[in-house]
Amino acid sequence: MNVIRIILFPFSLLYGCITHLRNKFFDWGILPSKSFDHPVIGVGNLSTGGTGKTPHIEYLTQLLKNRFKVATLSRGYKRKTRGYQVANARSTVSQIGDEPLQIFLKHPEIHVAVCASRRKGIKRILHEKPSNQVILLDDAFQHRYVKPGLNILLTDYHKIFTHNYMLPTGNLREFRRGAQRADALIVTKTPSVFSPLDKKLILTELEKYKIKNIFFSYIKYGNWVPVTNYARTEKLQKAKTIFLITGIANPTPLAEHLKRLCSELKVFSFADHHQFSVKELDAFVNSFRETYSGNKVIITTEKDSMRLRKPELSNIIKNLPVYYVPIEVDFHEQDKVRFNKMVLDYMESFYPSTNVVKTRKNIRV
């Protein structure tokens, strides 16, 4: 533990005790935790971000949407609106947030909603979409006013919660023991070629938390997708120099991936969900133009590309080769089979026959 961590440690203990007492109030029934007689699957983490919640929500969406009527519900972090909002073809980042917009654009056939109060949001979805059959809660592990029927916890392979500390010393939102509330734990961002010994060591370390279902997932990177019309008309060649601009919690895995695809990588990293300003983007573009290279491109993430859609920002980059790297998650070996079965078995407990999409009936809200 370095000097700064030692200085901040008393504040971490205080914050941890406050969150622990809050959790106890929910455990004792002093604060109400609402269960719904309806499939609700929560995906969250113990840390402040960077575990890959959105691609795992998208994995669940892809798994379920051909069999069930799916809705997603999140807070809509850093949006400028209040209350309950539903995504539509005219929605912007300012209205619903970058991650919900990303999900809607990729899955326009599902119901994408945002609401700071997950309980109110669930009630609105069930009222407005009576045909809905499952609600996916994004980043709601600490939102204990709702008790999901299936509670999935994520932890980053590079920053497993067992090695982390409470805020502000580390980036945990609550003590590590909070992991015991999870019905399943996914260790995310593992190497695509994963050592059985490494897996065994992690499983041994997690034993004391008594989590019944533990899975291991990894990131799959897709082909670059043009962000600007200029990029769409360019013949994409092997890049010599890549300028990476991100506003995500942990850009390291993406940076490592891109290093293998170019001779030089220049990284411009901002905080998670960062709202790029015109001044910042102008400075970035100037750096790009002033760099001499035979073939240079700008790469960002899919989530960041949502924020670059703002007219004042898209106008700055419209004549530049800007792409995003799509990602998806997959599971190792039999973990995929086990995970899919766990989720589908949960759904089968509500809808015994999944061959025909059924309408929800007699569900109490």
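Odds and ends about this structure:
- Taken over the stretch 186-233, the residue count meeting the criterion of being surrounded by fewer than 17 Cβ atoms within 10 Å (Cβ to Cβ), touching a Pro at 6+ places or on another chain (Cβ under 7 Å) and among the charged types (D, E, K, R) is 1.
- Listed by first and then second residue, the pairs linking a residue in the stretch 209-222 that is on the phi > 0 side of the Ramachandran plot to a residue that is modelled with pLDDT of 95 or more and not acidic (D, E), with Cβ atoms under 9 Å apart and 6 or more places separating them unless they lie on different chains, are K210/Q180.
- Scan of the stretch 314-323 for residues that are buried (at least 18 other Cβ atoms within 10 Å of the Cβ), of a type outside the set (A, V, I, L, M) and not in a loop (DSSP other than H, G, I, E, B), ordered by number: Y323
- Of all the listed residues (T72, T51), the sole one being closer than 25 Å to L344 by Cα and part of a strand (DSSP E or B) is T72.
- Answer residue from the stretch 111-127, given it is touching a helix residue (DSSP H, G or I) at 6+ places or on another chain (Cβ under 9 Å) and of a type in the set (A, V, I, L, M, F, W, C) and is surrounded by the fewest Cβ atoms within 10 Å (Cβ to Cβ) among those: C115
- Enumeration of residues in the stretch 26-77 that are charged (D, E, K, R) and under 22 Å from P326 (Cβ atoms): K53, E58, K65
- Flag if I7 is over 20 Å from the mean Cα position of the chain (by Cα), part of a loop (DSSP other than H, G, I, E, B) and loosely packed, with under 13 Cβ neighbours inside 10 Å: no
- Cβ-Cβ distances below 6 Å connect the following pairs, each with a first residue in the stretch 296-308 that is in contact (Cβ under 8 Å) with a residue 12 or more places away in the chain, a second residue that is β-branched (V, I, T) and not in a strand (DSSP E or B), and a separation of six or more residues or different chains: T301/I248; S305/V227; M306/V93; R307/V93.
- Beta carbons closer than 8 Å, at least 6 apart along the sequence or on distinct chains, pair a first residue in the stretch 324-338 that is touching a residue at least 40 places away in the same chain (Cβ under 8 Å) with a second that is of a type in the set (S, T, Y) and surrounded by fewer than 19 Cβ atoms within 10 Å (Cβ to Cβ) for V325/Y221; P326/Y221; I327/Y221.
- Residue satisfying all of: in the stretch 129-138; in contact with a Ser or Thr (Cβ under 6 Å, 6 or more places away or on another chain) and not hydroxyl-bearing (S, T, Y); nearest to V343 (Cα to Cα) among these: L136
- Residue match in the stretch 87-110 (condition: of a type in the set (A, V, I, L, M, F, W, C), buried (at least 17 other Cβ atoms within 10 Å of the Cβ), touching a helix residue (DSSP H, G or I) at 6+ places or on another chain (Cβ under 7 Å) and within 25 Å of L167 (Cβ to Cβ)): no
- Odd one out for K341, checked against (1) part of a helix (DSSP H, G or I); (2) surrounded by fewer than 18 Cβ atoms within 10 Å (Cβ to Cβ); (3) modelled with pLDDT under 95: (3)
- Of the set (1) under 20 Å from L150 (Cα atoms); (2) in a loop (DSSP other than H, G, I, E, B); (3) touching a helix residue (DSSP H, G or I) at 6+ places or on another chain (Cβ under 9 Å), all apply to N66 but (3).
The values are calculated or read from the model by the stated rules, or taken from the named source; none is laboratory data. Computed from a predicted model, the values in this text were never measured in an experiment. Reconstructed Cβ throughout: ideal geometry from the backbone, glycine too, with neighbour counts over all protein chains shown.
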